[in-house]
Amino acid sequence: MADLFEDYRLGPGWDEMFGAPGMPRDAYEALHATLQPLSSVELRVRADVLARAFLDQGITFALKGVERPFPLDIVPRIIAADEWRTVEAGVAQRVRTLEAFLADIYGAGQVLADGVVPRRVVVTSAHFHREAAGIVPHNGVRVHVAGVDLVRDERGDFRVLEDNVRVPSGVSYVMENRRAMAHVLPEVFAATRIQPVESYPGQLLRALRAAAPVGIADPTVVVLTPGVHNSAYFEHALLAREMGVELVEGRDLVCVGNEVAMRTTAGEQRVDVIYRRIDDEFLDPVHFRADSVLGVAGLLNAARAGRVTVANAVGNGVADDKLLYSYVPDLIRYYLGEEPVLSNVETYRLEDPEVREHVLDRLDELVLKPVDGSGGAGIVIGSQASDEELAELRHRIAVDPRGWIAQREVALSMVPTLVDNRLRARHVDLRPFAVNDGQRVTVLPGGLTRVALPEGALVVNSSQGGGSKDTWILAEPVDTLSPVELVGIEPVDPEGMLGPPVPAPRSPDPGPEAGLVSVQQQQQQQSARDGEVGTDGSGSAAVRQRRGRPGSAAAAPGWSPC
């Protein structure tokens, strides 16, 4: 075996590449055969090309104040087709369930009357917004995009770690990772049939258009961003460009008479669907934070009047609450009459005094999470915490038991990762993305795999020093595919790795009011949680691109990710 795998040790979790030392699993055979003859120098050169490509495109990550390329590991994660079918079914099942739950609690509230979920769990959630009650989307969809975080346990079974149905981020890295990996490991692509991911922008656009208000045959869709200072601005710009729609900020929109319009050089243009990447609290200063300069005054009233659709819907965050997460298996049975395809991680609800006492006696064995935490912030892994940290945690739980859940510490599965020019086992998780168009929940074949780079670390978030991997879903056997699905991946020119840089859109004329709000806007762009990279768990990628003038996004030259 080449020196890359020299001293490679199987870790405490399920090793996804090796079933036994030196024995790769079937899904990894082609990749293992490619890596085995490479020297550490050769693999490092390819890894440096990956990093340089991301740096040249402005995809950088700030860790402890230092800018560095967003960390993409050169060793992909591979999931077999039959395993993916289970993930796909389980994610779609949860999305359908959470859709039914959100429609219920912002409507009749039958699930509360039936006692499936205690009323106090919903009404005490920081993200339950009574302002959203009674708003019924045209096609019934509130969760247009979902990101469901999964882990593999010690037996290799996928389990759900949490749900993200506000404004989940990270899909841009799924597309960018694939584009980059196709150039640095072309020989593996030639030997492996991998399901593509480039269809995501088209799927998202179809779902957004399907959500348009009644009577709108050709809806105008926009992507609403907090602006260039937001950590996920790169993703906002990429999705707007790939969908061929406008990228706008709150100051580009106006709401009059429950009609939302976009300011353009040709005058105001009606807007029918807003794919917002702004958190609820900043979305409408009339109903939420009055000091917000990121949103649009009157937007919620326009949505209630059925004149505009906001995707994802306002108030979805109650379904992200980690205490509510513990009830999702019961909700699946209640709404769908089915057993959960994917199990939760074993979770303890600390409002119950007996359960709380049991947890407090075992703090050093469990993982404690704040119910509204994100980005790995606030998580305490008992086995790695000091006595002082556990004492402080004990006090915080006693003061606010509703604010915490406890979970069994899962030894996350491991994938070989390039560390110091050697391949070492590191823990990973997975965020698949699902799109709901009202007729079908489509799960993108892959997702964002995040990897904990420090040895033994279980927190995979980039804001905590983690990185990412390209996620390859193997295609179904040929005899099960349609002629369309048999189309393979086009050959890739290894010399064209870097390609043309992503063009920076033109900066707009800020208008006479810009000077009055620029400082406040920058502060809110930095602090708005937005469910974005850096706040919802996938890191705080800082991107050096400028936003485009309304009307320029669709026409801006660009490239298509692989």
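The values are calculated or read from the model by the stated rules, or taken from the named source; none is laboratory data. Only a predicted model underlies this, so the values are computations on that prediction, with no experimental measurement involved. Positions of Cβ are backbone-derived with ideal geometry, glycine not excepted, and every protein chain shown enters the neighbour counts. Just the protein is used for accessible areas: all its heavy atoms, side chains included, with ligands, DNA and RNA removed. Shrake-Rupley method; radii C 1.70, N 1.55, O 1.52, S 1.80 Å.
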Once the convex hull of the alpha carbons of region 179-315 is built, what does its volume come to per residue, in cubic angstrom? 144
Determine the gain in length on full extension of the stretch Arg402-Val254; use 0.36 nm per residue of separation and subtract their C-alpha separation, reporting nm with one decimal. 49.4 nm
Nearest-20 debye value, region 128-207 charge dipole, Cβ charges on Lys, Arg, Asp, Glu: 260
What the Cα atoms of region 172-233 span along the principal axes, largest first and in whole Å, is 50, 31, 11
From the phi angles alone, apply the Karplus equation (6.51, -1.76, 1.60; θ = phi - 60°) to region 377-382 and give each ³J(HN,Hα) in whole Hz, x where the residue is Gly or Pro. 6, x, 5, 10, 8, x
Rh_Kirkwood(region 227-269) over Cα pairs, Å, one decimal, evaluates to 11.7
Under the Karplus relation 6.51 cos²θ - 1.76 cosθ + 1.60, θ = phi - 60°, what is the ordered set of whole-Hz ³J(HN,Hα) values for region 446-456, x standing for Gly and Pro? x, x, 8, 8, 10, 10, 7, 6, x, 4, x
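Per residue, what accessible area does region 260-370 have, given a 1.4 Å probe and all protein chains present, in Å²? Working shown, then result.
On the way: 4180 Å² over 111 residues.
Solvent-accessible surface per residue comes out at 38 Å².
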Multiply the residue separation of Glu29 and Asp114 by 0.36 nm, subtract the distance between their alpha-carbon atoms, and state the gained length in nm to one decimal. 25.5 nm
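Would you mind getting the Kirkwood hydrodynamic radius of region 256-378 from its Cα pairs, rounded to one decimal in Å? All intermediate terms of the calculation are to be shown ahead of the outcome.
Details: mean 1/r = 0.0552 Å⁻¹.
Answer for region 256-378: a Kirkwood hydrodynamic radius of 18.1 Å.
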Calculate, in whole percent, how much of the Cα-Cα pair population of region 330-415 lies beyond 16 Å. 57
Using a 1.4 angstrom probe on heavy atoms only, work out the carbon and sulfur share of the accessible area of region 206-338 in %. 48
Search the structure for amide H atoms under 5 Å from the amide H of Thr309, placed 1.01 Å from N in the peptide plane, and list their residues when 5 or more places away or on another chain. Val273, Ile274
Would you mind checking which residues have amide H under 5 Å from Asn344's amide H? H placed 1.01 Å from N; only 5 or more apart, or other chain. Val160
With a bin width of 10 angstrom, please list the P(r) values of region 87-193 as percents of all Cα-Cα pairs, from the 0 bin to the one holding the largest distance. 11, 31, 31, 16, 8, 3
Under a 1.4 Å probe, what is the accessible area of region 141-193 per residue, stated in Å²? 21
In sequence order, what are the phi-derived ³J(HN,Hα) couplings for region 151-165 according to the Karplus relation 6.51 cos²θ - 1.76 cosθ + 1.60 with θ = phi - 60°, rounded to whole Hz, with x for glycine and proline? 9, 9, 7, 5, 9, x, 7, 6, 10, 7, 9, 6, 10, 10, 10
Debye log10 I(q)/I(0) for region 359-472, one point scatterer per Cα, at q = 0.16, 0.21 Å⁻¹: -0.85, -1.13
Backbone N under 11 Å from the Asn421 label point (7 Å along Cα→Cβ), restricted to region 23-42: 40-42
Starting from the amide H of Val371, placed 1.01 Å from N in the peptide plane, find each other amide H under 5 Å away whose residue is 5 or more places distant or on another chain. Trp404, Ile405
Determine how many Å³ per residue the convex hull of the Cα atoms of region 135-238 encloses. 181
Net lengthening on full extension, Gln269/Glu339 (0.36 nm per residue, minus Cα-Cα): 20.5 nm
